[in-house]
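Bear in mind that the values in this text are calculations on the coordinates, not laboratory data. The model shown is predicted, which means the values in this text are computed figures rather than measured ones. Cβ placement follows ideal geometry from the backbone for every residue including glycine, while neighbour counts extend to all protein chains displayed.
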Amino acid sequence: MPATPAELFALLDRLGIAHATITHPALFTVEQSRTLRGQIPGGHTKNLFLRDKRGEFFLVVALEDAVIALKSLHRRLGASGRFSFASPEAMREHLGVEPGSVTPFAAINDTAGRVRVVLDHAMLTHEALNFHPLVNTMTTSIPRAGLLKFLAATGHEPRVENVSGAAAGAG
């Protein structure tokens, strides 16, 4: 059974990772999430759950305004053939979350270690980062170092790559 937000928060507490969470209406897209700007400081993110031709899974995490060239990303990450978005069924099976709730916190549910986590280097320039805590009706802020500690504790040592460029005019 997938972890609940309460179980995630308990793990963050056990790891000594500071976190703050706010509750809000369900948000399914980056555009909808922009309504929270000003209420939540730090880097706001998007998360892409991808599958390569061999059936390997990648969770790519970047700033919300990042432009990611999916057609060539597989070469940069050494994947087998071009990426496609993983199915909602694969998302539920491997990450234990529903579409619209993809988050690096879902690594807590990938106990088999099937998902490779890739963090965009530009995202890590922010001291605080914001993610859904397994559901899209909340946003949790944690320190950058806390994200890295959490991922390591779940057995998902992240790969840090330059996978994006900032969107034109983004700030």
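General observations
- Cβ-defined net charge surrounding PRO133, 14 Å radius [Lys, Arg +1; Asp, Glu -1]: -3
- If you wrap the Cα atoms of the chain in a convex hull and average its projected area over all directions, you get 9.2 nm².
- Note on the chain: with charges restricted to the Cβ of Lys and Arg (+1) and Asp and Glu (-1), its dipole about the Cα centre is near 480 debye.
- As a calculated quantity, the FRET efficiency between GLN39 and ALA6 at R0 = 22 Å, using C-beta atoms, amounts to about 0.45.
- Exposure proxy shown here: for THR140, THR4, THR21, THR103, the number of other Cβ atoms within 10 Å sets the order, fewest to most, as THR4, THR21, THR140, THR103.
- Residue order, fewest to most beta carbons within 10 Å, for LYS149, LYS71, LYS46: LYS71, LYS149, LYS46
- Sparsely packed loop sites in region 89-145 (the GluC sites (Glu not before Pro) outside DSSP H, G, I, E and B with at most 16 other Cβ atoms within 10 Å) comprise GLU127.
- Rounded D (µm²/s) - region 56-115, Kirkwood Rh over Cα pairs, Stokes-Einstein at 20 °C, 1.002 mPa s: 171
- Packing-based exposure ordering (other Cβ within 10 Å, fewest first) of ARG144, ARG14: ARG14, ARG144
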